[in-house]
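So the structure is just underneath, and the comments pick up after that.
Just so you know, all these numbers are worked out from the coordinates, no wet-lab data involved. The structure presented is a predicted model; accordingly, all values stated were derived computationally and were not measured. No Cβ is skipped: glycine too gets one built from the backbone with ideal geometry, and neighbour counts run over all protein chains shown.
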Amino acid sequence: MNAPIKLPSGRIDRRTFLALTGAAVAAGGQAHAQKRGGTLRLSAQSNPSSLDPQTGNSGSDHVILYPLYDSLVEWDYATLQAKPGLAEKWTYPDPTTLVMTIRDGITFHDGTKCDGEAVRYNLLRAMRHERSNVKSDLGTVADITAAGQTVTLKLKQPDSALPLILSDRAGMISSPKAMEEHGRDYDRRPVGTGAMRFVSWADNERVVMVKNDSYWKKDRPLQDGMVFQVIPELPTGLRSVTAGQNDLVYYLVPQQKQLIDRARNLGSAVGPSLLCVHAYFNYGRAPLDNVKVRQALNWAVDREEFNKATHGGIAETTSTILPRAHWACATELSGHFSYDPDRARKLLAEGGYPNGIDILGIGYAEQLQVQQQEVLMEQMRRAGIRMRWERYTGPPTPAAFFAEKKGDLLLAPWTGRPDPSLTYQLVFGAGSYFNAGRGEGAPGLTEALLATRSSDDLAVRKEAFRKLQQIITDNALHLPLLFRPELTAYSAKVKGYKPNLLGKPKFEDVWLEG
Amino acid sequence: MLANAPRLRLVGRRLVQFVPVIVLATFVVFGLLKLVPGDLAATLAGEYATEERIAQIRQDYGLNDPFLVQYGRWLWNAVQLDLSRSFQSNEPVLDQILHRFPTTMLLVAGALLISLAVGVPLGILAATNAGSRLDVAVTSLSSFGVALPNFWLAMILVATFSLSWGWFPATGAVRFSADPQGAIWHAVLPSIALAAGGIAEVVRQLRSALIEILSSQYVRTLYAKGLSPSAILWKHGLKNVAVTLLTVIGLLASRLLGGAVVIEAVFAIPGMGSMVVRAAIVKDFPVVQGVVFTMVILVIAINLVIDLLYTIVDPRVALK
């Protein structure tokens, strides 16, 4: 049986993350030799929106896409820094040219070769296909050429974010032959180069995969197959693992940690993630076009109390959109906003609301979300902010705020992206869907955003992100609250599971004992 | 042939009456789906939405057309057994329904069977011992059964029989065609949870109907003729409550179909109930419409069968 991992209270920093990751591995039995074989059965909360990485539209798809596809670039579990994937190396011979070298000898599950031309085909499709959801990810790419195993991307402007962008959907490479053969049906008939080969997908029921016998990574895969059982209710998913019908369940909520600890046959792993629970503001119109009001909202919230009340105190509270463990995080700003209702009242008065203000929030109708809304409502009331919530169920919730422009703010999580510039671009960029007002939130923001992509030197980029975050914090462009830890529970026979900072589990190092 | 004429007329009459029922039910559901707050195209576009993509989705799915045009198009296709494709998965809705239909039917049939197997003996016991402590106990138990939330009972059953004792699976389902024994094994706990209210319903209805029959004048005459109480019960009493029992079965079957929605969620059963819940949340209108259409036809079919059974149990029904 795995020893349960004790969680520290309050925030989790990089050092703690590494320690926890190590603890999870140790609990998973790193001391024992890795074993091969067996089918890993997982409880997945969501049905995939598509198994074509370019047409899918849900952040929860990744966990199911990872075994099927390799991406051009991969990332380090603890820091999210880029490392080679299908592309064994890449260089910027000049700021507007990215040259990638694709590993030789790799084939897709249908036996066709994965070479530079296949990669070029994929990237062009991502940029041009009418159903592609990753067009904006490759918005800086002007042209792509391929020769042998080399792919050259000519850029419209310097873009050092591209390698990590290519570790996400846009860089997951499919078989051109399969995409052409299946057309629209490719959504349901994926062919990648990943450790697992697709077998079947029964909608809202299960996705079945078997191992790719000719996988290029040494000693992988460790499992003979994987089955993702779609179980939307997290308590039911956890019960399925307790009862031995599944081996692992991910994306659990902190409230379930006690249940896992009480179950004698379960182990668990927890790690920080990029999943930021925050409130998006519509600063394109009154009253949140007023910086004083936005600042007042930020000073009105007691994040530690919010953490204890809604996340059992195990989340990392924040004033920024990146966790402290992230390489690009401006850590000096992470605790910028503290709880100060008097200051919030003063700011409201300065902003022209001496008698307080009415704010309409949009939120999810699910129980845990409603709890969060009520805590915020009570905290804000103490600062003279009268919150009212309009609730929706599921995907219509963000659509009501971003597309229909309802409400002043939306309380919802942001799942994060491998490259932080994409997070900033999507959440705060002018014209972005996730910027409900669509305008530039503060002077200099667009230039600061561009600066984060202008150099591939990590130190230079880090400084650019600090400046960008400073603008966002000074102008209080959203209400960051905390980072929800990634909580995973698994049966005693599951070994080697490691959480990652992105918060989207990968199972390449997992093996089954017994 | 002539003997069957009244029954055929009954079937014909019912079928004609069912047409407006189907149109009305699907129209109302279609209308309600349109009233659900939120922009469908924006929802379908998901997390990676752009304004262009949303506009394109609106165009692709004909969402810019007037409401009646959209409904008319759906109905015209539906009568040709084309229930359209899922907005989410792009799979034919009919295929999805046919895939999940057997799982839900097994669950509902199991619950119906348990309701009758437990409810009928208890109802008879209570009626033949009316006023006794046994009657009070059975009646109280059935009141408890009516009040018992089936999702709560489901969780208690799982905690006890699956998690603690490991006798039954806690979640999921197996297709009957693939593994009949496994399918039944998976369906035991959900069927019991679903049947709790059904048992109570059968007990109460059967008890009151049987008490009425057993206290009627012709039963008193049968006693006077010297017939034994068991003969009176089995030959005359139960035969006369058969119509009541059929009515209860018909209503129960429809109710169990609805109750399956909750039970399928608790047990993560991939049936039609969980399918329609998920579809409603993500605004997958063709799936919701398809499931409603199927459910309506199913309820109508159940009623038709019950009507026909009435004519067998009591031929006067057909003549009326």
| request: Would you list, by chain and number, the aspartates and glutamates whose Cα falls below 12 Å from the Cα of A:Lys83, excluding same-chain residues fewer than 8 positions away? | output: A:Glu74
| Which loop-located chymotrypsin sites (Phe, Trp or Tyr not before Pro) does segment A:283-340 contain, where loop means any DSSP state but H, G, I, E or B and the Cβ has at most 16 other Cβ atoms within 10 Å? | none
| query | Taking neighbour Cβ counts within 10 Å as the exposure measure, how do A:Thr331, A:Thr193 sort from fewest upward? | reply | A:Thr331, A:Thr193
| request: Report, to the nearest 10°, how far helix B:133-147 tilts away from the longest principal axis of the Cα atoms in chain B, using its own Cα long axis and a range of 0 to 90°. | output: 10 degrees
| task | Take the Cβ-Cβ distance between B:Trp234 and B:Ser132 as r, set R0 to 25 Å, and report the resulting FRET efficiency rounded to the nearest 0.05. | result | 0.80
| task | Report the label-to-label distance for A:Glu332 and A:Arg36 in nanometres (one decimal), using points 7 Å from each Cα along the Cα→Cβ vector. | result | 5.2 nm
| Inter-centroid distance (Cα atoms) of segment A:74-114 relative to segment B:255-270, Å | 46 Å
| said: I need the semi-axes of the equivalent ellipsoid of segment B:166-235: take the C-alpha gyration tensor, multiply each eigenvalue by 5, square-root it, list largest first in whole angstrom. | reply: 43, 14, 9
| query | Across the residues of A:232-245, average count of Cβ atoms on other protein chains within 10 Å? | reply | 5
| field | Options A:Ile173, A:Asn212, A:Leu259, ranked by Cα towards positive dipole end of segment A:121-266, top entry (Cβ charges) | value | A:Leu259
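Which percent, nearest 5, of DSSP beta bridges in the protein assembly as shown are antiparallel? All intermediate terms of the calculation are to be shown ahead of the outcome.
Numbers: 57 of 75 bridges.
About 75 percent, rounded to the nearest 5.
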| field | Part-to-part distance (alpha-carbon centres) for segment A:242-269 and segment B:93-111, which is given in Å | value | 30 Å
| For segment B:93-283, what is the charge dipole size about the Cα centre, in debye to the nearest 20, if Lys and Arg each add +1 at the Cβ and Asp and Glu each add -1 at the Cβ? | 380 debye
| Suppose R0 equals 25 Å; then what is the FRET efficiency for A:Asp76 and A:Leu124 from their Cβ-Cβ distance, rounded to the nearest 0.05? | 0.30
| Sorted by packing (mean other beta-carbon atoms within 10 Å per residue), highest first, where do B:80-87, A:311-318, A:89-96, A:130-137 land? | A:311-318, A:130-137, B:80-87, A:89-96
| Fully extended contour minus Cα-Cα distance, from A:Asp185 to A:Glu404, at 0.36 nm per residue | 75.8 nm
| query | In what order do A:Ser240, B:Ser143 fall by count of nearby beta-carbon atoms within 10 Å, going from fewest to most? | reply | B:Ser143, A:Ser240
| remark: Checked chain A against the a/c 1.5 cut and the a/b vs b/c comparison, axes a ≥ b ≥ c from its Cα gyration tensor; verdict oblate
| message | Helix-only mean residue ellipticity at 222 nm, the protein assembly as shown, DSSP H runs n ≥ 4 weighted -39,500 (n - 2.57), per residue, nearest 500. What is it? | response | -14500 deg cm²/dmol
| Considering chain B as a Gaussian network with a 10 Å cut-off on Cα pairs, which listed residue, B:Pro92, B:Pro20, B:Pro270, attains the greatest mean-square fluctuation? | B:Pro20
| said: Along the Cα→Cβ direction, 7 angstrom out, place labels at B:Val305 and B:Gln56. What is the inter-label distance in nm? | reply: 4.7 nm
| query | What is the percent of Cα-Cα separations in chain B that go past 30 Å? | reply | 49 percent
| Estimated dipole of the protein assembly as shown in Debye, rounded to 20 [Cβ of Lys and Arg +1, of Asp and Glu -1, Cα centre] | 2120 debye
| remark: Each residue of A:53-66 has, on average, a number of other protein chain C-beta atoms within 10 Å of its C-beta equal to 2
| note | Percent of all Cα-Cα pairs per 10 Å bin for segment B:93-283, counting from 0 up to the last occupied bin, reads 9, 31, 28, 18, 10, 3, 0
| Given 0.36 nm per residue, what is the gain on full extension from A:Glu390 to A:Asp289 after removing their alpha carbon distance, in nm? | 34.3 nm
| request: Just grab the label-to-label distance for B:Arg7 and A:Gln157, each label 7 Å out from Cα along the Cβ direction, in nm (one decimal). | output: 7.9 nm
| query | Helix A:116-128: angle to the longest alpha-carbon principal axis of chain A, degrees 0 to 90, nearest 10? | reply | 30 degrees
| query | Residues of B:93-102, mean number of Cβ from any other protein chain within 10 Å of their own Cβ, rounded to a whole number? | reply | 1
| note | Given a Förster distance of 56 Å, the FRET efficiency implied by the Cβ-Cβ spacing of A:Val99 and B:Leu81, rounded to the nearest 0.05, works out to 0.55
